[in-house]
1. Return the sequence-ordered ³J(HN,Hα) values of the stretch 112-127 in whole Hz as given by the Karplus equation 6.51 cos²θ - 1.76 cosθ + 1.60 applied to θ = phi - 60°, using x for Gly and Pro.
2. Provide, for q = 0.27 Å⁻¹, the log10 of I(q)/I(0) from a solvent-free Debye sum over equal Cα point scatterers in the stretch 56-127.
3. Okay, helix-only estimate at 222 nm for the chain: each DSSP H run of n ≥ 4 adds -39500 (n - 2.57), divide by all residues, round to 500 deg cm²/dmol; what do you get?
4. Per 5 Å bin, what percent of the C-alpha pairs of the stretch 1-123 does each bin hold, from zero upward?
5. With only Lys, Arg, Asp and Glu charged, each at its Cβ (+1 for the first two, -1 for the last two), find how big the charge dipole of the chain is about the Cα centre; round to the nearest 20 debye.
6. Could you work out the relative contact order of the stretch 8-100? I mean the mean sequence separation of Cα pairs under 8 Å and 6+ apart, divided by the number of residues, in percent.
7. Could you bin all the Cα-Cα distances of the stretch 100-156 into 10 Å bins starting at 0 and give me the percent of pairs in each, rounded to whole numbers?
8. Which GluC sites (Glu not before Pro) from the stretch 6-109 combine a DSSP loop assignment with at most 11 other Cβ atoms within 10 Å?
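Derivation of every value follows stated rules applied to the coordinates shown; laboratory data play no part. Just so we're clear, the structure is a prediction, and the values are computed from it rather than from any experiment. A quick note on method: Cβ atoms are made from the backbone with ideal geometry, for glycine too, and the neighbour counts reach across all protein chains shown.
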Amino acid sequence: MNDIAIRPARSEDVRPALALAIRVYMIYSAPLYAPEAVEYFPTKCRDEERILEFMEGKRLMFTAWDGERLVGMAAQRGASVSHLYVDPAYHRRGIATKLMDALIAAMGVPVVTLGSSPHAVPFYLRYGFVPTDEEQHKFGAIWQPMAYDVPVEIQK
């Protein structure tokens with residue numbers, strides 16, 4: 001495997017990155033969720049307004065590349081991580097950590113929040129996130145509210 005390059009998403013990266021997010025979501029999260037939740041996520045990823053927010057830089061997105069192959073993505077909404085997905089063939093290689101490092105540094109906030117799928121909770125705990133409430137069950141989805149106190153030297 002070549003070195004994985006992490007970079008801010010270019011306009012042309014946004015749709016493929018969101019397609020990767022949908023594909024990974026369907027593998028790991030969808031089996032745990034009710035049909036209405038499974039239908040919701042891809043619809044939001046294909047929403048043109050949301051896509052334009054990423055393309056215009058109103059929301060941050062970082063991508064991970066193995067040469068010319070897109071292998072991961074991370075994105076934010078406000079002070080929250082809204083997406084973190086890595087191609088299953090590239091799991092356990094530190095890519096999610098590199099994506100989170102880049103995204104959190106660019107966010108420049110003192111506290112980052114997220115709602116983790118059950119599958120991703122162990123990763124976020126290792127990264128340093130802590131649960132802020134009980135696991136939530138709503139609209140057929142399951143998520144763990146979590147927060148991360150960003151070290152001062154990382155904040156912009």
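1. 10, 10, 6, x, 8, 5, x, 4, 8, 3, x, 4, 5, 4, 4, 5
2. -1.40
3. When only DSSP H runs of four or more count, the value is -10500 deg cm²/dmol.
4. 2, 11, 22, 25, 22, 13, 4, 0
5. 200 debye
6. 30 percent
7. Pair shares across the bins are 24, 49, 23, 4.
8. Sparse-neighbourhood loop GluC sites (Glu not before Pro): 56, 68.
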